[in-house]
Amino acid sequence: MTISRDDWDELGFDTLAVRAGQVRTSEGEQSEPIFPTSSFTFESAAQAAARFGGSEPGNIYSRFTNPTVRTFEERMAALEGGASCVATSSGMAAILATCMGLLKGGDHIVSSRAIFGTTTVLFNNFMAKFGVEISFVDQTDYAAWEQAIRPNTRFLFLETPSNPLTEVADIPRLAKLAHANDTLLVVDNCFCTPALQQPLKLGADVVIHSATKYIDGQGRAMGGAVVGDAELVGNQVYSFLRSAGPTMSTFNAWIFLKGLETLKLRMRAHCDNAMQLATWLEQQPGVARVYYPGLSSHPQHELAKRQQSGFGGILSFELDGGQEQAWKVIDATRVMSITANLGDAKTTITHPATTTHGRLTPEQRQQAGISDGLVRISVGLEDIKDLKADLARGLG
Ligand SMILES: *Cc1c(COP(=O)(O)O)cnc(C)c1O
């Protein structure tokens, strides 16, 4: 037996993460199979016509649907609490598909300034080219969000907690604002994953993921997902995807399915390690400030406690000694990987000012709060004593 959608309401998150979406074939396999096939065959010409005409559901071509990808989509929909999920070839493809599915020329987006750098490029350089207007506001300035909304605003866009300063946005408050103005709230839930935060349940309309990060969790594959209701995601976003083609590969879908089975366990361990490292960093000489929503010194600590079930695996800290000190700490590590990726079992360490945010002007960096002494860590699953020792070498 496998579980069906009718069972979702009764089952807990951990059960859904392991089992939702699986459809066993006649072979009786225990683990989900990979279906490396570009097209599917039909019993008859009449059946082919019915599939193409839409009167009979079923597979036609893997740009539209693929059984392994479908299993991943079903499991993500179950975990986020949405009716529909569309899987994509990367997190950026998920954001692009959302834009192309929901926007038209002349529409307007209000976005937090504190979003993934490439998302800013997609909005400013490409959406703008097709006549979409964008306003950027500070993540936690609710008056600014309200003032930026226009009659042609189609959606509000944010990530929470933000990268790299872990600013937390009030999802229920922004959802209420969006709906009062007849617009949508789109949340990139990459940092928390559904294991720690379920934006649809907090009032958001669409959730976006880079599966490349925690959903894989081991730095192997690129992928993304969009989750929401049957009309916005199941129809509008999906229609773009099947025509434009940034679909998830069947092999990657299988990797992400295996990742989802251990997602909550891994997220708990990431949270534990990050909390311990953040607390320890706050006491180290030369560390001016630590940014982590789990610390009571974090400005949105109470909000994070309300809307997240854990504080996540990403933290940043600012060194008194500027770039020189930041590079010294990074270069003294032996365990951590110097790379800009995040959400991996392996801890990664990054200097945002010269990498992820290096293309910004010094003024833009200052406005975004990215100082030269800032270091970001995606805390992995190694022994916490080894991670502390790795940083202590450069701090001392
Ligand atoms: C990495 C990332 C993306 C983009 O995802 P890719 O899989 O790299 O395309 C989008 N949003 C956030 C918050 C990210 O960290």
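The values are calculated or read from the model by the stated rules, or taken from the named source; none is laboratory data. Remember, it's a predicted structure, so these values are computed and weren't measured experimentally. Backbone-built Cβ (ideal geometry, glycine too); neighbour counts: all protein chains shown. SASA here: full protein model, heavy atoms, side chains in, ligands and nucleic acids out. Shrake-Rupley method; radii C 1.70, N 1.55, O 1.52, S 1.80 Å.
List of remarks:
- When Met222, Met248, Met275 are screened for being in contact (Cβ under 8 Å) with a residue 24 or more places away in the chain and not assigned by TED's automatic domain parsing to the domain that holds Thr119, only Met275 passes.
- Considering the conditions (1) within 16 Å of the ligand (Cβ to nearest atom); (2) surrounded by fewer than 23 Cβ atoms within 10 Å (Cβ to Cβ); (3) under 21 Å from the mean Cα position of the chain (by Cα), Leu342 is excluded by exactly one of them, (2).
- Test for Arg70: is it more than 14 Å from the ligand (Cβ to nearest atom), open to solvent by less than 10 Å² (accessible area, probe 1.4 Å), farther than 30 Å from Glu146 by Cβ and assigned by TED's automatic domain parsing to the domain that holds Asn235: no
- For the range 167-184, taking the residues that are within 16 Å of the ligand (Cβ to nearest atom) and open to solvent by less than 30 Å² (accessible area, probe 1.4 Å), the one that is farthest from Ile109 (Cα to Cα) is identified as Val168.
- The residue that is farthest from Thr98 (Cα to Cα), among those in the range 203-233 that are open to solvent by 30 Å² or more (accessible area, probe 1.4 Å) and in contact with a strand residue (DSSP E or B) (Cβ under 9 Å, 6 or more places away or on another chain), is Gly219.
- Scanning the range 245-270 for residues that are of a type in the set (A, V, I, L, M, F, W, C), in contact with a Ser or Thr (Cβ under 7 Å, 6 or more places away or on another chain) and open to solvent by 20 Å² or more (accessible area, probe 1.4 Å) yields a single hit, Trp254.
- Selection status of Lys385, open to solvent by 50 Å² or more (accessible area, probe 1.4 Å), more than 16 Å from the ligand (Cβ to nearest atom) and farther than 29 Å from Gly259 by Cβ: no
- Pair list, Cβ < 6 Å and 6+ apart or interchain, from the range 101-127 residues that are assigned by TED's automatic domain parsing to the domain that holds Phe191 and open to solvent by less than 30 Å² (accessible area, probe 1.4 Å) to residues that are part of a helix (DSSP H, G or I) and within 12 Å of the ligand (Cβ to nearest atom): Thr119/Ile95
- Residue list for the range 362-382, restricted to those being open to solvent by less than 60 Å² (accessible area, probe 1.4 Å) and in a loop (DSSP other than H, G, I, E, B): Gly369, Ile370, Ser371, Gly373, Val379, Gly380, Glu382
- Criterion violated by Trp327 - all others in (1) open to solvent by 60 Å² or more (accessible area, probe 1.4 Å); (2) among the aromatic types (Phe, Trp, Tyr); (3) not in a helix (DSSP H, G or I) satisfied: (3)
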